[in-house]
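Here the structure comes first, spelled out in C-alpha cells, and everything after it is commentary.
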Amino acid sequence: MFKRKLKALDYIDRDKINANDPQHFRKLVVWLEDQKIRHYKIEDRKDIRDINSTSWPETFKRYCEDVACPITTQPVDQLEWLIGFAIKLEFEDNYKKYQPITGKSLKDMNKPVAPNIKSSNPLDNLDFHSAEFKNGIEELRKLLCIPRHSDHLVTLQACSKIVCMRLNAETLLNPKSIVLKGKEFPILEAELGFNMGDPVLNNAAKILRLLYIQDLRDLQTRINETIVSVQNITANPRTDTKLGKVGR
Amino acid sequence: MVVRQYQEELKYLEKINDYCWRIKKGFQPNMNVEGIFYVNNTLERLMLEELRNSCRPGMVGGFLPGVKQIANVAALPGIVGRSVGLPDVHSGYGFAIGNMAAFDMNDPKSIVSPGGVGFDINCGVRLLRTNLFEKDVQPIKEQLAQSMFDHIPVGVGSKGIIPMNARDLEEALEMGMDWSLREGYIWAEDKEHCEEYGRMLNADPSKVSMRAKKRGLPQLGTLGAGNHYAEIQVVEEIYDKWAASKMGIEDKGQVCVMIHSGSRGFGHQVATDALVQMEKAMKRDNIETNDRQLACAHIHSTEGQDYLKSMAAAANFAWVNRSSMTFLSRQAFAKQFHMSPDDLDMHVIYDVSHNIAKVEEHIVDGKQKTLLVHRKGSTRAFPPHHPLIPVDYQLTGQPVLIGGTMGTCSYVLTGTEEGMKETFGSTCHGAGRALSRAKARRNLDYKDVLAKLEQSGISIRVASPNLVMEEAPESYKNVTDVVNTCHAAGISRKCIKLRPIAVIKG
C-alpha cells in the first residue's frame, strides 16, 4: 500500500510488504529508524530492534511519541506517517539533488528526442479577458440561446456544456437520443414543501428541486440498467401448472 | 374496564370539525395521548352506533368498539402524537383496523405490538397499468377473467404454480422482491415503484418458526381468500390530471390490474407465534395494557426485535407473493392479446402495504424523532419530495392505492404535507367492514350477490361462492365515503377512480 513511497526510499522488500503482518510491520519500522530517521542513538535502539518482544507495541507507542507523530488512531496510519517523515528527511538531506526535478523536467526526460515538435496550444496564448474574447463569447451565447452570466467565463462554461452534450457528432446524427422525453408538468403550481416567503426564492428552490430530481432519475435509470444486465445472467422464471391448486 | 352510559361516554368525544373527532384522555384508563378519528356524517353514524350498542347492558364478548380500541392504543407505553383512527376504522384484534400509532424508538419503554400490524402482515395493494382501453378488453373480458383465474390460484388451501423449494423460500424471505428480480419474474422498474423497494433489510428468516415456513411454502403466488382479490379495472374518473399522467394514466377507460393480497398463512403464523412470546415478555417486564389482545413487548427487548425481524421476513414474503402474481397477470394478458407484457406497457404504478410496522423519521412537536409507526389497515401516504418515495412521484406525492370491496370502485390517492403533519403520513386503506362476517352470512344470499355483480357487467370468478356474502359491498362501508373524508380532511388527495370489469376472488 505504500509501495511508491517505499520505492522512493529504496526499501528492498517493498513488493512483499504486508502492513497487517506484525513481523513485516516491525521490521519496516526498525529499518526506517536505522536507515532513515535515526532519531535514537544507536545504543538506544535496543528495545525497538527487539521485534519479537511482547512489549514491542509499547515501545512503538513510545517511539511515535518521541518522533512527535501526531497520529494516534491506527498503527498502520502511524506507519504511513513514519514513512512520509522518512521521505521528508531524505529530501531535506539531498534537496539540491531533488530540486530541479519537476513534472516538466521529468516529462522532457522521458520524451523521445527525435520528433521534437513544440506543442503550441493556441489557447495558451489567448487573453481570456480581452474585449475580443468577451465579444466572441457573447456571439456564441446568442447563437446557442444561452442566458448571460455576469462572469463571461461562466457563460463560456455553459456554452461548452451545451456543445459537449448536444452538439457532438453522435447526438447530431441521432438527436432523439439526447432530447429528454416526458410530459409537461405545471411545476410552478406544484407544492414545494416549504415556503421561504419570497416568490422568487421559492421559484429558484423549485428549479433546484427539478435539477435534483433529474439527477435522481439518471441514477435510478442506471440502477435499473444494472439490474437488467444482472438479470440477463440469473433470470430463469419457471411455472408448473401441475403444482397449482384452486382452493375452496 | 370502565362502565358508563352512552351519554356519559359522549362527553369524552369532541367534534373538532366536519371530518374530525377528538377522543379525550379519560375515555379509557391511562391514556398517554389523545385519540383522533376522521369521519363524515355517514361514517360518524356507524361509528357512534357501534359505541352505543356496546353500552347496552348485557353486551359482552366480541371485539370492543373501534373508538374504545383507538383509546386503548393511546394508553400503550411510548406512544407519541395521537392514536389515529382513519375513516375506514372498524374493530379488530387489539388494535382497530384503520388505526395508526407511532412509538418513540428512543424511549426504552416503547413497545411493538403484533396486534398493531395485524395477522396478514404486509397485506397490500398493487396496481399495474396497461395501454389498453375498455373497448379493447370488453369483447374478450370473459376469456381474460378465466385466463387470470387459471394463472392465479385462489381460495383457502390453494397452491401456487411457481416451483419453490425450502431453500428458495429462505432466500425469498431474506431478499423480498430482489429474489423475484434475480429469478426474472419481475422487471427492474417494479422494484423502483414499490414501498421499501420491495425488501425489508432487517428480515431474518432464522427467527421464523418451521411451522410458518411449512405453511408459507406452497402458498407463494396465490391470492388467498377473504377480502383479497385481483381485478381488471378501468379508469372511471381522473381528479388530478398531472399526477395521473405521472403514473402513466392518460384517459378515462384505460385498463388497469389491481392485486390485493398479503403474506397468506405465513404472516398469520408469524403473528401467532409472536403473540405467545409477547405474553411472556409482558409478564416479565411488567407491561400493562387495557386489553389482553394488545400483547406487546419493548421494542429493544429480544421478543420485540425477534418479532420485527420475522415480521420483515413476512413482509418480504408478501412482496414476493404480489410479484409472482404480477408475473402471472402479465402472462395471462400476454396470452390473450398475443403481445408481450412490455408492448402492453404493463408497468407497476405502485405497491402499498397497509398492515405493517416501520421505522420512520417524523417531526413531533418541532423535533425530528425516530418512530416505530404501526399501520394496521392504514396506508402510508408520504407527501411530495419525501426522500423515501420513488423519483417519478417526487412532484406528485406517493400514490396511495385504495382497494374497494368486490365489485365497487377503487381509488388512487396521493400523499400530502398535511397528512404528514396530522397522521404521520398515513391514510385509509379501503372500505372497512360494516357488518361482521357472521352477520353478513346471515343477512345475505350469495346468489343475489353474484347476480348483482353480473347485472353491473362485472365478470366474476370465485373459488368459494358460499363465502362471497362476507365480501359483498353491503357488508362494507362505502369506499367513496371513506376516500372523500380523507380528501376533505386533507390527509390525502383524490387522483384517480377505478371501476372493476372483472373480479378474481378466493
Quiz prompt | Out of B:ASP351, B:ASP365, sole residue that is at pLDDT below 95 and not basic (Lys, Arg) | solution = B:ASP365
Quiz item: Residues of region B:247-274 being in contact with a helix residue (DSSP H, G or I) (Cβ under 7 Å, 6 or more places away or on another chain), open to solvent by less than 20 Å² (accessible area, probe 1.4 Å) and on the phi > 0 side of the Ramachandran plot, which ones?
Solution: B:GLY253
Quiz item: In region A:137-190, what residues are surrounded by 13 or more Cβ atoms within 10 Å (Cβ to Cβ), within 30 Å of B:ASP392 (Cβ to Cβ) and of a type in the set (D, E, K, R)?
Solution: A:ARG166
Quiz prompt | A:HIS149 part of a loop (DSSP other than H, G, I, E, B), of a type outside the set (Ser, Thr, Tyr) and out of contact with any Ser or Thr (no Cβ under 8 Å at 6 or more places or on another chain) | solution = no
Quiz item: With (1) surrounded by 20 or more Cβ atoms within 10 Å (Cβ to Cβ); (2) without any contact (Cβ under 8 Å) to a residue 60 or more places away in the chain; (3) more than 27 Å from B:GLY157 (Cα to Cα) as the list, and B:VAL482 as the residue in question, which single condition is left unmet?
Solution: (2)
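Quick grid of which residues meet (1) outside any helix (DSSP H, G or I); (2) farther than 26 Å from B:PHE327 by Cβ; (3) more than 8 Å from chain B (Cβ to nearest Cβ):
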{"residue": "A:ALA204", "(1), (2), (3)": "no, yes, yes"}
{"residue": "A:ASP215", "(1), (2), (3)": "no, yes, yes"}
{"residue": "A:ASN224", "(1), (2), (3)": "no, no, no"}
{"residue": "A:VAL228", "(1), (2), (3)": "no, no, no"}
{"residue": "A:ILE233", "(1), (2), (3)": "no, no, yes"}
{"residue": "A:ARG238", "(1), (2), (3)": "yes, no, no"}
{"residue": "A:GLY247", "(1), (2), (3)": "yes, no, no"}
Quiz item: What number of residues within region B:188-235 satisfy the criterion of being assigned to a helix (DSSP H, G or I) and within 14 Å of another protein chain (Cβ to nearest Cβ)?
Solution: 11
Self-check item: Test result for A:SER105, modelled with pLDDT of 80 or more and of a type in the set (Ser, Thr, Tyr)
Solution: no
Quiz item: Under 9 Å by Cβ, and 6 or more places apart or on different chains, what pairs join a residue from region A:190-216 that is of a type in the set (S, T, N, Q) with one that is open to solvent by 80 Å² or more (accessible area, probe 1.4 Å) and not in a helix (DSSP H, G or I)?
Solution: A:ASN202/A:PHE194; A:ASN202/A:ASN195; A:ASN202/A:MET196; A:GLN214/A:LEU180
Exercise. Output the residue which, of all residues in region B:463-481 that are within 16 Å of B:GLU231 (Cβ to Cβ) and in a helix (DSSP H, G or I), is modelled with the highest pLDDT.
Key: B:VAL479
Quiz prompt | Subset tally (residues that are modelled with pLDDT of 85 or more and within 18 Å of the chain's Cα centre (by Cα)) for region B:434-462 | solution = 0
Quiz item: Just to be sure, is A:ARG45 touching a helix residue (DSSP H, G or I) at 6+ places or on another chain (Cβ under 6 Å) and surrounded by 13 or more Cβ atoms within 10 Å (Cβ to Cβ)?
Solution: no
Exercise. Go through region B:70-118 residue by residue and tally those that are under 20 Å from B:LYS421 (Cα atoms), in a loop (DSSP other than H, G, I, E, B) and small (Gly, Ala, Ser).
Key: 1
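Let's see how each residue does on (1) at pLDDT 95 or above; (2) within 14 Å of chain A (Cβ to nearest Cβ):
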{"residue": "B:TYR393", "(1), (2)": "yes, yes"}
{"residue": "B:THR396", "(1), (2)": "no, yes"}
{"residue": "B:ILE402", "(1), (2)": "yes, no"}
{"residue": "B:GLY407", "(1), (2)": "no, no"}
{"residue": "B:VAL412", "(1), (2)": "yes, no"}
{"residue": "B:MET420", "(1), (2)": "yes, yes"}
{"residue": "B:GLY425", "(1), (2)": "yes, yes"}
{"residue": "B:CYS428", "(1), (2)": "yes, no"}
{"residue": "B:GLY432", "(1), (2)": "no, no"}
Quiz item: Got at least one residue in region B:349-357 being open to solvent by 30 Å² or more (accessible area, probe 1.4 Å), more than 13 Å from chain A (Cβ to nearest Cβ) and in contact (Cβ under 8 Å) with a residue 40 or more places away in the chain?
Solution: no
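Residues are listed down the side, and each one gets a yes or a no for (1) under 30 Å from the mean Cα position of the chain (by Cα); (2) closer than 17 Å to B:ASN72 by Cα:
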| site | (1), (2) |
| --- | --- |
| B:TYR12 | yes, yes |
| B:ARG22 | yes, yes |
| B:PHE27 | yes, yes |
| B:ASN30 | yes, yes |
| B:VAL39 | yes, no |
| B:ASN53 | yes, no |
| B:PRO57 | no, no |
Self-check item: Residue in region B:273-287 that is assigned to a helix (DSSP H, G or I) and among the polar types (S, T, N, Q) present
Solution: yes
Self-check item: Matching residues, region B:324-339, being within 14 Å of another protein chain (Cβ to nearest Cβ) and open to solvent by less than 50 Å² (accessible area, probe 1.4 Å)
Solution: B:SER324, B:MET325, B:THR326, B:PHE327, B:LEU328, B:SER329, B:ARG330, B:ALA332, B:ALA334
Quiz item: Identify, please: which residue in region B:181-199 is crowded, with 21+ Cβ neighbours inside 10 Å and hydrophobic (A, V, I, L, M, F, W, C) and is, among those, nearest to the chain's Cα centre (by Cα)?
Solution: B:CYS194
Quiz item: Out of region B:135-180, which residues are surrounded by 16 or more Cβ atoms within 10 Å (Cβ to Cβ), without any contact (Cβ under 8 Å) to a residue 24 or more places away in the chain and facing another protein chain (nearest Cβ under 8 Å)?
Solution: B:GLY157
Quiz item: Do you know which residues across region B:362-418 are among the polar types (S, T, N, Q), open to solvent by less than 10 Å² (accessible area, probe 1.4 Å) and under 25 Å from B:PRO114 (Cβ atoms)?
Solution: B:SER378, B:THR379
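The values are calculated or read from the model by the stated rules, or taken from the named source; none is laboratory data. The structure presented is a predicted model; accordingly, all values stated were derived computationally and were not measured. Here Cβ is always computed from backbone atoms with ideal geometry, including for glycine, and neighbour counts include all displayed protein chains. The accessibility values were calculated without ligands, DNA or RNA, using every heavy atom of the protein model including side chains. Shrake-Rupley method; radii C 1.70, N 1.55, O 1.52, S 1.80 Å.
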